[in-house]
Amino acid sequence: MSAIPLRLTHLPTGAHATVTCVSASSLHVDAATLERLGELGFIAGEPVQLLQRGPGGREPLAVVVGETMFALRWLEADCIEVLPL
């Protein structure tokens, strides 16, 4: 049975996954945001882990991509599609 791709915002806290793509999740996301996520290392094939969520289970989301930790806003994290491991 294979895993189903989902948005990083839906990954359980502590879970590991692999980035499958980065795409706009709403009209509030512009090309510059998507480009920035790619520059940070959120590209297809990269390992990612959702370490922790902010208050109330929302933002910021502490995420490790490769070997670097980032704090992402919900809007940014929702642009990242992942395949859980």
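Here are some notes:
- Ratio Rg/Rh, restricted to the stretch 12-53 and using Cα atoms, in which Rh is the Kirkwood radius: 1.00
- Remark on the chain: hydrodynamic radius 12.5 angstrom, per the Kirkwood mean of 1/r across alpha carbon pairs.
- Protection proxy ranking of 12-23, 40-51 - average other beta-carbon atoms within 10 Å, highest first: 40-51, 12-23
- The residues packed around GLU39, meaning those with a beta-carbon under 14 Å from its beta-carbon, carry a net charge of -2 if Lys and Arg are +1 and Asp and Glu are -1.
Here, each number is a calculation from the coordinates, and none is a lab measurement. What you are looking at is a predicted structure, and each value in this text was computed from that prediction instead of being measured. Counting neighbours? That spans all protein chains shown, and the Cβs are built from the backbone with ideal geometry, glycine included.
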